[in-house]
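The block underneath contains the structure these notes are about, expressed in structure tokens.
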Amino acid sequence: MKAEQNHIPYLTPEHLADPLALQTYIYDDNTINYYWTDNWDPGFYIELAYTGFISVGMNHDELGDILLPEMQFAYALLDWENLHVSRKIKKLGKSGFLEKEEFYITFGKTVDPVIGGIAEAYSGTSWITSSYHNLLRSLITSETLPRGFILHAIEMYHGKTGRLVAGEIGYTIGTIYTSLTGFFNRRDPMYNNMGTVQLVCLGIILKQAGYACWNLGHPYMQYKINVGSKILKRPDFLAQWHRFRDRQIKTPFARTQEQRFDCGEIVKRVF
């Protein structure tokens, strides 16, 4: 399993099934973070997520669509006691703007609207390849998946216009929510703060639903620190991950019925 210099190791389900190999050659190896596989089986993807990997896609010149599972060196983890709401967002909430314009969040039944928003926001540079898109479509339409895995497409709408202005793709395992990727409308000045509003509102929604914490992935983006995330090295993150990944939520978010959360009401709760 040990990688040759400058080579990314190939990962198989067998590597995850052996606890000793997993601990020795993946968790404890601080020289390697990325692996690769051409196995797009949903069960393998879920097992990667359950193990603590965050996987992205890549269109390789020779190999085609491949999956790049990453066991990060460090993670941004948000505990609810550290959730920070800036003065700007509080002022926005007090102004009544969010209520007047009817901004709301819902959990979508398909990933397509959010992935479309990501593609538009990043001009086609997203790591969601065609194979990854198909995988996400399969996961969000499956009612029962291993490890209690649930994929979520979080959508934030401007109710007055019906426009999707922000959103993200993520998943829950146990009592941890993990963000994969997201976007907000950068073109219209009216939506300048909506990415942060979506983050704050989602954090409050997750907290009230009984989730323990939020895994925001890579810690090197300032907005994650701004909302209160703490940077944890891999061993410390994995200790938290293993603590919460097998716990159960009493009322997990259902995709079978419409759930609408009004952003104005949510932000007012943190005043």
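Coordinate-derived values only; no laboratory data. Computed from a predicted structure; not experimentally measured. Positions of Cβ are generated from backbone atoms using ideal geometry, with glycine treated the same way; all protein chains shown enter the neighbour counts.
Remark: spin-label model distance residue 39-residue 80 equals 3.6 nm, labels positioned 7 Å along the Cα→Cβ axis. So if R0 is 30 Å, what FRET efficiency would residue 31 and residue 127 give, r being the distance between their Cβ atoms, rounded to the nearest 0.05? It comes to 0.80.
A full extension of the chain between residue 262 and residue 90 corresponds to an added length of 60.4 nm, given 0.36 nm per residue minus the alpha carbon distance.
Using a simple spin-label model with pseudo-atoms 7 Å out from Cα toward Cβ, residue 21 and residue 188 lie 5.1 nm apart. The angle separating the long axis of helix 112-121 from the principal Cα axis of greatest extent in the chain is about 90 degrees. Out of the GluC sites (Glu not before Pro) in the stretch 1-97, which ones are loop residues according to DSSP with at most 13 other C-beta atoms within 10 Å? Taking the stretch 1-97 and a limit of 13 other Cβ atoms within 10 Å, the loop GluC sites (Glu not before Pro) found are 4, 62. Stretched out straight at 0.36 nm per residue, the stretch from residue 142 to residue 251 would grow longer than its current Cα-Cα span by 37.5 nm. Note that the stretch 13-71 shows a convex hull volume over its alpha carbon atoms of 80 Å³ per residue.
Rounded, prolate or oblate for the stretch 14-172? Axes are the square roots of the Cα gyration tensor eigenvalues, ordered a ≥ b ≥ c, and the cut-off for rounded is a/c under 1.5. Prolate. For the chain, the longest principal axis of the C-alpha atoms and the axis of helix 234-244 are separated by about 70°.
Can you tell me how the stretch 75-268 classifies by the Cα gyration tensor, rounded, prolate or oblate, using a/c under 1.5 as the rounded cut? Rounded is the answer for the stretch 75-268, as its axis ratio a/c remains below 1.5. Computed extension gain for residue 100 through residue 236, at 0.36 nm per residue and net of the alpha carbon distance, reaches 44.7 nm. For the stretch 73-143 and the stretch 162-199, compute the distance between their C-alpha centroids and round to whole Å. Value for the Cα centre distance between the two parts: 2 Å. Straight-line cross-link partners of residue 109 among the lysines, defined as a Cα under 23 Å from its Cα and at least 8 positions apart when in the same chain: 160, 207, 250.
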